[in-house]
Amino acid sequence: MLEVIIIWGIVFVSFILAIQSRRRSAQSLPSVPYTLPWFGVAIEFGRDSVQFFSKYRHRFGPVFNVLLTGLEITMICDEEGIRNAFRDKTQAFGTYTVHQQILRKLGGVKGDTVHLMKDHLFPIILRAFGTSNGVESISPRFNAEISTALMGRYDSHSESAYTTELVPLVGHCLFDATSRVVFGDLFPTDIFPDFEILDQQLTLLLSPIPFAARKAMRSRDRILRAIEVYLQQSWNGSSLEGASPMANDMFSLIRGANLPLSDEAGVLLSFMWGMHSNTINTTHWLFIYLLSDKPSFLRIRDEIDSTMGTKYGGDINNFLSSSSSTLRSGDFPLLDSAIKETLRLTIQMSALREAHKDTEVVYGDGKRAFIREGSLLFLNVGSIQNGGRPDEESCQFRLDRYLPNQKDGTAGKQPPFFAFGSGAHMCKGRSYALYQLKVFLILCVTLFDMTLLDESGKDFVGDIPSSDPSTPGLARPVRRLLVRMERRQDGKDANKGFGNGDSV
């Protein structure tokens, strides 16, 4: 029961401790009833947030107030309201306190580094990860690193059939490849097991109850020590040895801020979490959706095989050595649709904003919600993307939902999509995240026959694993599934010679 109370509810206390005394709500809005003082609706909310929003959205409408662990928060479950809040041009809403608490709890940063992160580091990240030119510059190194990481894990086992947990397979490959792309070969990629623990228990770590996250705190401390050693060994006085231009530009600014070494490591850890967490988890879900539905998987594989044959001469190495722009050319429309559908269903980033002044949010058909200065605003993206009801068709994975119409090239009516946020706070690394996801899946599908297994090692049957309602931002399956991988023996020649020293 303690964990249920902590999860999804009490985490918000840590975000706003510095401004809690100013918290007031818009009294004109309906409020969800509660019986427990201070806790308010925390237990019901923590038990199943999707059901919570579905229930009260239909009872009170798309905008209502809740008491959640001592905080009065305005919940917005309306597409237009969320868009308007995201695209606010009056600077009425901010994220300073949220970012500050993440830096302190996740990165262990003791100083105030929010302005350093937002004003100086974010623009560098956007240029490198959020633009086509930026991705183009790092794609050759990523392609080499991801293929090495994937084949390294497969070749480390003598059996032709390699069985492993899906989470470590995806996580290790993406974490190792991107870490080396950004920070160079000296970076300690063996910290991934601790990173996984930290990511899984982030909600507990962000809570104000110290004993709730001891395991995550120990993992965080080990990661920070490893990053400190890396910085001491790789910094030559002007740059990080072997690191990317982006990493060097970032760290030059960090070092110029005269932070203690522990805070330098903490800022980098916070950046790393943003760089890896959603990408790894989304890729994990994409494999689950496709491998648990054989017809969908075969459609994806047919598309990849066809494009690999017609455009890349049936050679995966030609694909890996091609320009990153090829993945934006529409050659894999079904894969593009599958990725967007996975993002829609699994990225449930419910943005938290604090009002810097009295303001209004327009929602619905022109209605206005008054938001007082100092109030918290919870933009419930998850309930909008899945239609607001867990039993609706839009909650189901549909491979071709975002597939363009063959007649006019446009897609039909689709659910709202906020997986990358919107407005000024849109995801800075979205272009690179999509690139990683596509290249890794294309590699796996081209090179291997893959079979999803349950925890006992038997072929997976049944429904898609349910997600853990206690994890913030991104759904995580409650079951850890396995995958069996074997080199393809179906006559396709796109993988010939690959993994024998001839690959990119």
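Does Glu373 qualify as being assigned to a loop (DSSP other than H, G, I, E, B), in contact (Cβ under 8 Å) with a residue 24 or more places away in the chain and among the charged types (D, E, K, R)? Even if it seems obvious, please write down each step before you answer.
On the way: assigned to a loop (DSSP other than H, G, I, E, B): yes; in contact (Cβ under 8 Å) with a residue 24 or more places away in the chain: yes; among the charged types (D, E, K, R): yes.
Taking the combined requirement at face value, the residue satisfies it.
Can you spot a residue in region 276-295 that is surrounded by fewer than 17 Cβ atoms within 10 Å (Cβ to Cβ), under 26 Å from the mean Cα position of the chain (by Cα), in a helix (DSSP H, G or I) and modelled with pLDDT of 90 or more?
There is at least one residue in region 276-295 that is surrounded by fewer than 17 Cβ atoms within 10 Å (Cβ to Cβ), under 26 Å from the mean Cα position of the chain (by Cα), in a helix (DSSP H, G or I) and modelled with pLDDT of 90 or more.
Which of the following residues is surrounded by 19 or more Cβ atoms within 10 Å (Cβ to Cβ), assigned to a helix (DSSP H, G or I) and basic (Lys, Arg): Arg222, Arg180?
Arg180
Results for (1) in contact with a strand residue (DSSP E or B) (Cβ under 8 Å, 6 or more places away or on another chain); (2) among the charged types (D, E, K, R), shown as yes or no for each residue.
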site: Ala161; (1), (2): yes, no
site: Glu165; (1), (2): yes, yes
site: Ser179; (1), (2): no, no
site: Thr189; (1), (2): no, no
site: Glu196; (1), (2): no, yes
site: Leu202; (1), (2): no, no
site: Ala226; (1), (2): no, no
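Going by the conditions given, is Ala128 in contact (Cβ under 8 Å) with a residue 24 or more places away in the chain and over 18 Å from Met272 (Cα atoms)?
no
Taking the residues in region 396-437 that are surrounded by fewer than 16 Cβ atoms within 10 Å (Cβ to Cβ) and among the hydrophobic types (A, V, I, L, M, F, W, C) as candidates, determine which candidate is modelled with the lowest pLDDT.
Restricting to residues being surrounded by fewer than 16 Cβ atoms within 10 Å (Cβ to Cβ) and among the hydrophobic types (A, V, I, L, M, F, W, C), the top hit is Ala411.
Does Ala212 fit the bill of being surrounded by 23 or more Cβ atoms within 10 Å (Cβ to Cβ) and hydrophobic (A, V, I, L, M, F, W, C)? Give the derivation first.
Working: surrounded by 23 or more Cβ atoms within 10 Å (Cβ to Cβ): no; hydrophobic (A, V, I, L, M, F, W, C): yes.
So Ala212 fails the test.
Run Ser238 past the list (1) among the hydroxyl-bearing types (Ser, Thr, Tyr); (2) at pLDDT 95 or above; (3) farther than 29 Å from Leu452 by Cβ and report the number of the one that doesn't hold.
Against the list (1) among the hydroxyl-bearing types (Ser, Thr, Tyr); (2) at pLDDT 95 or above; (3) farther than 29 Å from Leu452 by Cβ, Ser238 comes up short only on (2).
Would you pick out the residues in region 478-501 that are at pLDDT 55 or above and either crowded, with 19+ Cβ neighbours inside 10 Å or within 21 Å of Thr164 (Cβ to Cβ) (or both)?
Val478, Arg479, Arg480, Leu481, Leu482, Val483, Arg484, Met485, Glu486, Arg487, Arg488, Gln489
Kindly list, by first and then second residue, each pair from a residue in region 308-325 that is assigned to a loop (DSSP other than H, G, I, E, B) to a residue that is of a type in the set (D, E, K, R), limited to pairs with Cβ atoms under 9 Å and residues at least 6 apart or on different chains.
Listed pairs, sorted by first residue: Gly314/Asp305; Gly314/Lys492; Gly314/Asp493; Gly314/Lys496; Asp315/Asp493; Asp315/Lys496; Ser322/Lys311; Ser323/Glu136.
Among the residues of region 62-98, how many are crowded, with 19+ Cβ neighbours inside 10 Å and more than 19 Å from Ile384 (Cβ to Cβ)?
7
Do we find a residue being small (Gly, Ala, Ser), at pLDDT 85 or above and closer than 14 Å to Leu376 by Cβ anywhere in region 56-66?
Scanning region 56-66 turns up no residue that is small (Gly, Ala, Ser), at pLDDT 85 or above and closer than 14 Å to Leu376 by Cβ.
Return the residue satisfying two criteria in turn: it lies in region 306-350 and is under 24 Å from the mean Cα position of the chain (by Cα) and of a type in the set (Lys, Arg), and of such residues it is surrounded by the fewest Cβ atoms within 10 Å (Cβ to Cβ).
Among residues in region 306-350 that are under 24 Å from the mean Cα position of the chain (by Cα) and of a type in the set (Lys, Arg), the one surrounded by the fewest Cβ atoms within 10 Å (Cβ to Cβ) is Arg328.
State whether one or more residues within region 155-163 are farther than 26 Å from Pro465 by Cβ and in a helix (DSSP H, G or I).
yes
Check off (1) surrounded by 12 or more Cβ atoms within 10 Å (Cβ to Cβ); (2) at pLDDT 70 or above; (3) among the β-branched types (Val, Ile, Thr) for Thr471 and give me the number that stays unchecked.
Condition not satisfied by Thr471: (2).
Looking at Met117 and the list (1) without any contact (Cβ under 8 Å) to a residue 24 or more places away in the chain; (2) outside any loop (DSSP other than H, G, I, E, B); (3) under 21 Å from Phe271 (Cα atoms), which single condition is not satisfied?
With (1) without any contact (Cβ under 8 Å) to a residue 24 or more places away in the chain; (2) outside any loop (DSSP other than H, G, I, E, B); (3) under 21 Å from Phe271 (Cα atoms) applied to Met117, the lone miss is (1).
Look at Glu145 and say whether it is in contact with a Lys or Arg (Cβ under 7 Å, 6 or more places away or on another chain), assigned to a helix (DSSP H, G or I) and within 23 Å of Asn318 (Cβ to Cβ).
Yes, satisfied.
Checking the condition touching a residue at least 60 places away in the same chain (Cβ under 8 Å) and not hydroxyl-bearing (Ser, Thr, Tyr), which residue from Asp221, Asp194 passes? Give the steps one after another, and end with the answer.
Numbers: Asp194 fails: touching a residue at least 60 places away in the same chain (Cβ under 8 Å).
Unique residue meeting the criteria: Asp221.
The values are calculated or read from the model by the stated rules, or taken from the named source; none is laboratory data. Predicted model only: the values in this text are computed from it and were never measured. Glycine gets a Cβ as well: all are built from the backbone with ideal geometry, and neighbour counts include every protein chain shown.
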